[in-house]
Amino acid sequence: MPVFKNYLPKHTGIFGYVKEPKVEDIAATDLFYYSPHFYKIAIKFCLKHKITTLPCSCDHNLKYEFNPKTKTFKPSKIPKLQKIAYDTLIFDPIVAEKFKKFDTLFVYNHNELVGILHFTDYNKMPVNIYLYAQIIELEYLLRALAHKYNLTLQDLVDFWVQKASKSQYYKKRLKEYIETVKDLKELGKTPDLTWIYLTDLIDLINHSNVLKISREIQELRNGIMHARNNIDAYFEFSTTTMLRNLEAFLEFFNTVQKLKQVRREVEALLRCKKP
């Protein structure tokens with residue numbers, strides 16, 4: 001019987017149906033340009049929106065830095081590191097490296113400025129849709145991996161029993177399992193690996209030493225599935241500070257890299273014979 005048969009959705013065929021968005025999919029394109037012809041309007045705009053940098057209307061390689069204390073603008077060249085191509089994948093590691101230096105990146109289509117990317121743009125829907133699909137697909141792949149390595153629900157229950165004496169979390173999961181089995185028996189059904197949560201799959205595969213998977217992926221999953229703000233999900237919520245917290249963004253970005261790495265490793269294991 002094929003490894004994927006009972007665990008993969010029939011309609012997907014090959015995974016990757018939802019492609020990774022590009023920078024152009026989330027960058028702001030309705031730009032406000034600085035011009036000496038409407039200097040006072042530019043000041044009001046920057047103060048209202050708490051913006052400190054504006055692109056120049058006459059030169060796409062020039063920016064104007066706004067000083068809110070003196071209410072003045074200072075021109076400077078846009079450095080190469082602050083530029084990014086419009087067709088760059090949003091989780092390309094180069095993006096994070098650039099954001100470590102600048103909180104705002106200028107988006108170019110060849111030599112033309114076409115948008116501005118701020119790390120809070122990663123709260124937008126294309127990012128959530130992509131990650132939602134990645135996590136759903138990963139759950140299917142992990143179930144297929146557990147099936148290939150002959151891991152069963154009983155293996156997970158044994159793990160819970162082993163941990164329950166020292167952990168309230170696993171004690172609770174074991175209790176929930178017993179109650180669920182009882183309910184399913186009344187319906188004439190038996191629980192299997194399609195019933196357990198992603199965190200259970202991660203525990204099962206980690207405990208069985210098939211692969212080591214970070215539980216940070218489960219936290220990412222919770223944030224996406226419950227439609228939480230991607231950046232705020234990593235810190236206590238505060239509308240005044242968290243939306244501009246670079247540390248939160250980088251942690252979020254790093255967790256997505258782990259998600260992509262796990263997926264590559266799982267797919268590799270599914271394609272080769274067991275050792």
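What pairs come up if the first residue lies in region 44-65 and is over 16 Å from Asn111 (Cβ atoms), the second is of a type in the set (Lys, Arg) and surrounded by 15 or more Cβ atoms within 10 Å (Cβ to Cβ), and their beta carbons are under 7 Å apart, counting only those six or more places apart or on different chains?
Listed pairs, sorted by first residue: Thr53/Lys63; Leu54/Lys63.
Could you check how many residues of region 106-162 are buried (at least 18 other Cβ atoms within 10 Å of the Cβ), in contact with a His (Cβ under 8 Å, 6 or more places away or on another chain) and within 17 Å of Asp30 (Cβ to Cβ)?
Selection size over region 106-162: 2.
Taking region 37-81 as the region of interest, how many residues are assigned to a loop (DSSP other than H, G, I, E, B), touching a Phe, Trp or Tyr at 6+ places or on another chain (Cβ under 7 Å) and farther than 15 Å from Phe102 by Cα?
Residues flagged as assigned to a loop (DSSP other than H, G, I, E, B), touching a Phe, Trp or Tyr at 6+ places or on another chain (Cβ under 7 Å) and farther than 15 Å from Phe102 by Cα within region 37-81 amount to 1.
Could you count how many residues in region 55-103 are over 16 Å from Ile26 (Cα atoms), in contact with a Leu (Cβ under 6 Å, 6 or more places away or on another chain) and among the hydrophobic types (A, V, I, L, M, F, W, C)?
Counting residues in region 55-103 that are over 16 Å from Ile26 (Cα atoms), in contact with a Leu (Cβ under 6 Å, 6 or more places away or on another chain) and among the hydrophobic types (A, V, I, L, M, F, W, C) gives 1.
Being of a type in the set (A, V, I, L, M, F, W, C) and touching a residue at least 60 places away in the same chain (Cβ under 8 Å) is the filter here, so list the residues in region 147-168 that pass it.
None; the set is empty.
List pairs: first residue in region 251-275 and exposed (fewer than 14 other Cβ atoms within 10 Å of the Cβ), second residue of a type in the set (Ser, Thr, Tyr) and at pLDDT below 95 anywhere in the structure, Cβ distance under 7 angstrom, at least six positions apart or on different chains.
Hits for this filter: Lys274/Tyr149.
Does Tyr197 qualify as being modelled with pLDDT under 90 and buried (at least 16 other Cβ atoms within 10 Å of the Cβ)?
Numbers: modelled with pLDDT under 90: yes; buried (at least 16 other Cβ atoms within 10 Å of the Cβ): no.
No.
Filter region 200-228 down to residues that are modelled with pLDDT under 85 and surrounded by fewer than 18 Cβ atoms within 10 Å (Cβ to Cβ) and give me whichever is nearest to Ile136 (Cα to Cα).
For region 200-228, the residue satisfying everything is Met225.
The values are calculated or read from the model by the stated rules, or taken from the named source; none is laboratory data. All values reported here derive from a predicted model rather than from experimental measurement. Every residue, glycine as well, gets a Cβ built from its backbone with ideal geometry; the counts of neighbours run over all protein chains shown.
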